[in-house]
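The next block holds one structure in the form of structure tokens; read it before the comments.
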Amino acid sequence: MSVKTWFIATMGRKLRGDPGASRFKRRVGSLFRRYFPGQLTCAQFERFVFDYVEGTLAARERARFEFHMRICPMCEVHFRSYVKAVEMGREICRADQRDAPMPLPDDLLAAVLDARREEE
Amino acid sequence: MSPSAGRLAQAAASDDEESLVAALRDGNERAFSQVVRTHGPRMYAMAMRLLADEEAARDALQEAFLSVHRSVAAFQGKSALATWLHRIVVNASLQQLRKKARRPEVSLEEEIPKFDELGFLVGPTKENPASVEELLQRSDIRELVRRSIDGLPDACRVVLVLRDLEGYDTAATAELLGVSISATKVRLHRARTALRKKLEPVLTEAGS
């Protein structure tokens with residue numbers, strides 16, 4: 001079997017979720033740990049996202065975090081979309097505050113003023 | 001013209017907040033009405049963001065203005081009136097949240113990132129290159145963001161709204177909620193992660 005045939009068959013099994021897929025993943029995992037010792041896994045990366053965004057991650061962890069982001073497209077997308085989601089929420093909030101708010105509904109305005117009169 | 005009415009007229013003419021507060025302290029009804037009309041809409045919007053429930057927001061607003069009426073004598077003017085009112089409506093909203101029968105907590109299980117057996121993240125590999133500004137030009141996306149925030153569990157939504165959207169720092173948010181700083185951080189991360197997941201269809205490229 002040529003290398004090309006082996007590669008296609010292996011990837012095919014991986015994509016189909018064949019029992020051989022887990023062996024393939026284990027192989028990739030062991031290669032990852034061998035060539036990138038001491039680097040973060042995706043699960044560890046996810047646990048650091050908050051502190052990285054807050055700027056409270058120690059320098060060594062920050063470097064490991066940034067290295068992982070460079071080699072893992074899924075974590076990079078996860079991180080970028082995390083930041084973007086917060087920005088979108090913030091922007092919507094700003095826009096809602098900026099836009100001239102509607103006057104209070106008449107019945108609510110009346111209820112607030114009545115409540116104060118009753119309190120007097 | 002009563003002294004407080006005089007003060008109110010002065011406030012209207014010069015837009016002087018100090019005079020308005022003085023008229024409020026004197027129990028002037030027109031001053032109170034003016035404050036409700038001017039600041040009420042923003043306060044109501046704030047209560048709606050925190051509570052995501054119209055009835056609860058209305059109750060919170062009423063409670064907030066009663067609280068203004070009762071405690072305006074203690075307002076020393078160290079902060080702007082709007083800041084003081086903002087704090088009052090936040091507290092009234094949080095009180096509503098504690099008082100009201102809680103909505104069944106929504107599970108965030110689906111929103112938590114998934115990892116395979118080796119610890120690799122399972123998820124999209126392509127980001128939608130559109131910027132936040134470009135995305136928010138679409139009204140359906142703006143609506144999705146609002147709905148997604150409203151749909152968060154109460155405990156997560158209030159942390160997100162106070163800390164990320166209203167700009168309170170972590171310590172102030174923790175104090176308002178009566179929880180520790182570390183608990184606040186955990187909730188905030190959960191809320192952000194859940195919001196990210198809800199917005200994933202627009203933040204990543206379909207089919208990736």
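Please treat every number below as a calculation from the coordinates, not as lab data. This structure is a prediction, so every number in the text was calculated from the model and none was measured. All Cβ positions, even for glycine, are placed from backbone atoms using ideal geometry, and neighbour counts span all protein chains on display.
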Hey, what did chain B get for relative contact order, percent, Cα under 8 Å, at least 6 apart? 18
Taking neighbour Cβ counts within 10 Å as the exposure measure, how do A:ARG64, B:ARG192 sort from fewest upward? A:ARG64, B:ARG192
So how do B:ILE181, B:ILE141 line up by other beta-carbon neighbours within 10 Å, fewest first? B:ILE181, B:ILE141
For region A:26-97, which chymotrypsin sites (Phe, Trp or Tyr not before Pro) are both in a DSSP coil and crowded by at most 13 other Cβ atoms within 10 Å? none
How far is helix B:3-14 tilted, in degrees, relative to the longest principal axis of the Cα atoms in chain B, given as a value from 0 to 90 rounded to the nearest 10? 50
Could you work out the mean count of beta carbons from other protein chains within 10 Å of each residue's beta carbon in B:33-46? 4
Restricting to Cα atoms and excluding each atom paired with itself, what does the Kirkwood estimate give for region B:17-157 in Å? 18.2
Here the net charge surrounding A:ASP107, from other residues whose Cβ is less than 14 Å away from its Cβ (Lys, Arg +1; Asp, Glu -1), is -4
Search the structure for amide H atoms under 5 Å from the amide H of B:THR204, placed 1.01 Å from N in the peptide plane, and list their residues when 5 or more places away or on another chain. B:ASN128
What is the distance, in nm, between label points placed 7 Å from the Cα along the Cα-to-Cβ direction at B:VAL186 and at B:LYS99? 2.9
Expressed as a whole number, the average count of other chain Cβ atoms within 10 Å around the Cβ atoms of B:182-190 is 2
Please give the net charge around B:GLN76, taking every other residue with its beta carbon less than 12 angstrom from that of B:GLN76, where Lys and Arg add +1 and Asp and Glu add -1. +1
If each residue's Cβ is checked for other Cβ atoms within 10 Å, how do A:CYS72, B:CYS156 rank with the fewest at the top? A:CYS72, B:CYS156
Across A:LYS84/B:LYS99; B:LYS99/B:LYS197; B:LYS126/B:LYS185, pairs whose alpha-carbon gap is larger than 32 Å: A:LYS84/B:LYS99
Give me the distance between the Cα centres of region B:21-59 and region B:100-163, rounded to whole Å. 30
Please give the contour-minus-distance gain from A:PHE67 to A:SER30: 0.36 nm per residue of separation, less the Cα-Cα distance, rounded to one decimal in nm. 11.5 nm
Let me know the mean shielding of B:51-58 by other chains, meaning the per-residue number of their Cβ atoms within 10 Å of its Cβ. 1
